[in-house]
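Chemist: Questions regarding the structure given below will be posed in turn.
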């Protein structure tokens, strides 16, 4: 019976986790509507001598010219990955930095007009990619006025991403939130009555640790460019978030091992360290990626929470409370 419970417990965690890994968005979205901090187009214009929607093959090289106008002008294709651009997945030449008016890359000798030739190498994976190029005010002390052009590339017949669900701006938030709920509930129950709820505590804490490990693996696997891992602002908050999460993951493993070995003193100590580190990491993560949640996300959150808790944990809770009597 115990083996069946363990297998069922693993299944109810693995299935929703796979759904999130395959369908979630691992790239945090930091952009806000441009109108809140920029003037668009603000006296600037930009166009490209290429279709705005292009069907291409993997690894194709696309060459086209961009024409921009405006005072104190610059043109840039930022090396970023957000919900509106996938520039970071494209190989962009001559540069992803600012190209200034009348610089070496500007083919128009006249001031306030720029012509720049871009050389784009398409990824070798099937997908739909948006290239975002902007032209703006290089003299601005704050957020510059700018205009932009967005060019789409479909590789392998991929269609534009639809309005399908996106779990918050960063699906790690849902993993981390559920893990914290499970770990906190398990801690509270064992503090109420350790002997009665020790098995439930093990299920809940183990589930929290597995979810967190899945979260870490997913975020690394879906964002394979290490140069992007430490670029999220503010950098200090992001690094602190990573360190606290990693420490909690390690002490959580030690807590499980100490618990299995019946070393309660050390299991409690490492368990409390895990709880503190993960809550701190979660709140720092909210500073990095503010939560935006809709009805669909709420439904999925409830479904995933129920799935993770699982039948065996509900059974043990009911039995510990005397609602179900073991024959």
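FYI, it's all coordinate maths here, none of it is from the lab. Everything numeric here is computed off the predicted structure, so don't read it as measured data. Heads up, the Cβs are rebuilt from the backbone with ideal geometry, glycines too, and the neighbour counts pull from every protein chain shown.
Chemist: Using the beta-carbon distance between residue 265 and residue 107 and R0 = 51 Å, what value does 1/(1 + (r/R0)^6) give for FRET efficiency, to the nearest 0.05? Working shown, then result.
Modeler: On the way: r = 72 Å, r/R0 = 1.42.
Once rounded, the FRET efficiency stands at 0.10.
Chemist: Continuing with this model, one more query. With an 8 Å Cα cut-off and a minimum separation of 6 or more residues, compute the relative contact order for segment 43-155 in percent.
Modeler: Working: 286 pairs, mean separation 42.3, N = 113.
Once divided by the residue count of segment 43-155, the mean separation gives 37 percent.
Chemist: May I pose another question? Per residue and in Å³, how big is the convex hull formed by the alpha-carbon atoms of segment 43-155? Could the numbers behind the result be given before it?
Modeler: Working: hull volume 10.2 nm³, N = 113.
That works out to 90 Å³ per residue.
Chemist: Grab the Cα-Cα distance for residue 126 and residue 246, subtract it from 0.36 nm times how many residues apart they are, and report the gain in nm with one decimal.
Modeler: Numbers: separation 120, 0.36 × 120 = 43.20 nm, distance 3.29 nm.
Difference between extended and current length: 39.9 nm.
Chemist: Label residue 193 and residue 55 with points 7 Å out from Cα along Cα→Cβ: what is the distance between them in nm?
Modeler: Output for this residue pair reads 6.7 nm.
Chemist: Turning to a different aspect of this structure: For residue 84 and residue 47, calculate 0.36 nm times their separation in residues minus their Cα-Cα distance, and state this gained length in nm to one decimal. It would help to have the intermediate numbers written out before the result.
Modeler: Values: separation 37, 0.36 × 37 = 13.32 nm, distance 1.76 nm.
Additional length available on full extension: 11.6 nm.
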